[in-house]
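The values are calculated or read from the model by the stated rules, or taken from the named source; none is laboratory data. Remember, it's a predicted structure, so these values are computed and weren't measured experimentally. Neighbour counts run over all protein chains shown; Cβ positions are idealised from the backbone, glycine included.
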There are 2 protein chains.
Amino acid sequence: MKALSASKARRFVQKSGASPVYRQVADLLARDMQHGVSRSERTALPSENELAAEFKVSRVTVRQALDELHRKGLIYREKGRGSYARSQHIGGVTGFGSFTSEVENAGSKPTSRFIDLVKVASLPAGIKIHLAKTLPKDKNYHCLTRVRCVDSKPVAYEETYLDTETYPGLERADVEKGSLYATMRRLWGYQPAWADAAIEPGVADEVIAKHLGIKVGAPVVIAWRVTSSEQDEVLEYVKAIYRGDGFVLTVRRHKIS
Amino acid sequence: MKALSASKARRFVQKSGASPVYRQVADLLARDMQHGVSRSERTALPSENELAAEFKVSRVTVRQALDELHRKGLIYREKGRGSYARSQHIGGVTGFGSFTSEVENAGSKPTSRFIDLVKVASLPAGIKIHLAKTLPKDKNYHCLTRVRCVDSKPVAYEETYLDTETYPGLERADVEKGSLYATMRRLWGYQPAWADAAIEPGVADEVIAKHLGIKVGAPVVIAWRVTSSEQDEVLEYVKAIYRGDGFVLTVRRHKIS
DNA sequence: ATTGACAACATGTTAAGACAAGTATACACG
DNA sequence: CGTGTATACTTGTCTTAACATGTTGTCAAT
């Protein structure tokens with residue numbers, strides 16, 4: 001078991017600066033582990049006291065950094081022994097979060113083909129069945145339909161439902177290009193933070209088959225998703241249909257209970 | 001906006017006791033919110049200082065409790081304003097963690113029909129493709145096949161692959177009844193902590209159709225899962241095939257980025 | 001009536017110290 | 001040689017304290 005280097009005062013964190021110190025420490029450690037962990041043997045981190053001395057911060061700050069890495073699943077900790085790096089896995093599309101950023105993280109090029117943007121008077125039935133037992137009475141929604149592509153190959157057909165009262169002036173926003181999440185943040189200040197999702201299998205009908213370039217009756221995954229802000233405001237309802245050939249959805253590093 | 005009660009010294013935490021104080025505080029607050037939040041309006045919690053006074057603990061301890069609730073998605077916090085309860089959603093089967101406990105949490109009765117337990121010399125191909133790029137060379141595995149049922153209705157066909165070196169004497173363990181996770185913990189001290197999963201659509205073949213009571217060619221969801229301990233030891237590889245009628249998998253309260 | 005300064009709150013961050021409890025190792029004792 | 005203990009580590013928990021920073025309402029000046 002080889003230990004990561006703990007050379008003294010190697011790098012510095014800026015105390016009165018942009019981001020909190022504990023996050024700077026966490027980022028530095030995460031970067032170390034990405035470069036240092038190639039073998040399968042588990043690698044020990046310096047102890048909390050050593051890290052505190054190295055970065056010239058208190059142990060509380062070091063613990064905040066390590067707790068953050070632990071929550072992300074990058075390290076595990078053993079009382080009385082030390083903290084250890086977990087072997088890293090490669091990225092994948094999880095079906096949550098921004099399609100754009102996720103595909104970029106996986107190392108591919110995400111594109112979207114705009115289909116249309118219309119107004120509808122209700123949500124699709126599946127959302128209510130699966131996720132939102134207590135929906136408000138039917139309201140008006142923008143329905144944004146897009147085909148999501150990875151490296152120019154269509155992988156998903158996606159209908160996004162956006163409350164017309166929540167997004168005034170959406171028609172004039174340039175949703176045809178760029179990330180919808182980026183637009184939501186820029187124009188209305190909304191930041192997606194939580195997602196509840198339901199997944200079920202299905203088969204492609206004529207419309208889906210045409211858009212995804214697959215045969216009618218081919219297996220697909222239907223994902224229903226409700227995205228909310230940190231403040232518990234519903235930001236969007238999504239019905240996404242993923243094609244079934246090749247891998248589809250990976251749920252990575254999911255904490256059990 | 002109604003505030004949860006903050007009556008003084010209403011309940012007590014035991015300082016030198018079973019569980020850490022911050023967890024006792026978190027559990028008490030979680031219970032309060034379950035009972036107190038019925039309306040859709042957002043509910044404010046007492047401030048950190050008020051909670052510290054109420055439970056007679058330091059503010060740091062209160063913050064540890066609130067951070068835990070925040071990570072679980074039960075509350076959200078706003079700098080300068082306060083902490084607020086998030087509206088609770090009902091439970092569902094997530095496809096991760098113990099099937100037994102998850103179905104029980106959802107309020108149904110989980111059962112398993114044992115099919116067989118045999119030795120195989122390699123893992124199914126899908127696992128390698130989706131999740132484990134760097135598998136050790138083929139080893140021997142126990143292959144435990146079960147049909148998982150909710151309220152006596154079959155919902156999933158599941159093959160669990162367990163390393164023969166990791167689980168010596170598994171043949172003599174009573175895996176035909178009870179939770180496999182409970183057996184793993186009791187006999188070998190293993191505790192599942194993390195899961196990586198991949199999901200893809202498929203159609204039922206003859207074997208699957210017979211076991212799940214559906215028609216050949218009916219849509220199903222195939223879930224590949226690798227479960228690991230906190231210490232990064234692989235505990236099991238699972239291939240699960242879920243039937244497609246009715247809801248299947250819900251991924252609840254998933255934090256984005 | 002509107003505005004601006006200010007005080008009183010809230011949570012976020014960081015420090016320094018203390019004790020508890022689990023782990024590993026050296027070392028004396030049998 | 002084996003064993004048990006003392007000791008020096010480690011992370012886990014908790015306290016008191018301080019300052020930073022964002023929010024809200026009061027109140028006086030305009």
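Where the second residue is modelled with pLDDT under 85 and not in a strand (DSSP E or B) and the first is over 16 Å from B:VAL226 (Cα atoms) and among the hydrophobic types (A, V, I, L, M, F, W, C) and lies in the range B:150-161, which pairs have Cβ atoms under 7 Å and are six or more apart or on separate chains? Close Cβ pairs (under 7 Å, with a partner that is modelled with pLDDT under 85 and not in a strand (DSSP E or B)) amount to B:VAL150/B:VAL103; B:VAL150/B:SER108. Residues in the range B:191-226 that are farther than 28 Å from A:ALA156 by Cα and facing chain A (nearest Cβ under 10 Å): B:GLN191, B:PRO192, B:ALA193. Against the criterion of being modelled with pLDDT of 95 or more, crowded, with 17+ Cβ neighbours inside 10 Å and more than 14 Å from chain B (Cβ to nearest Cβ), A:VAL62 qualifies.
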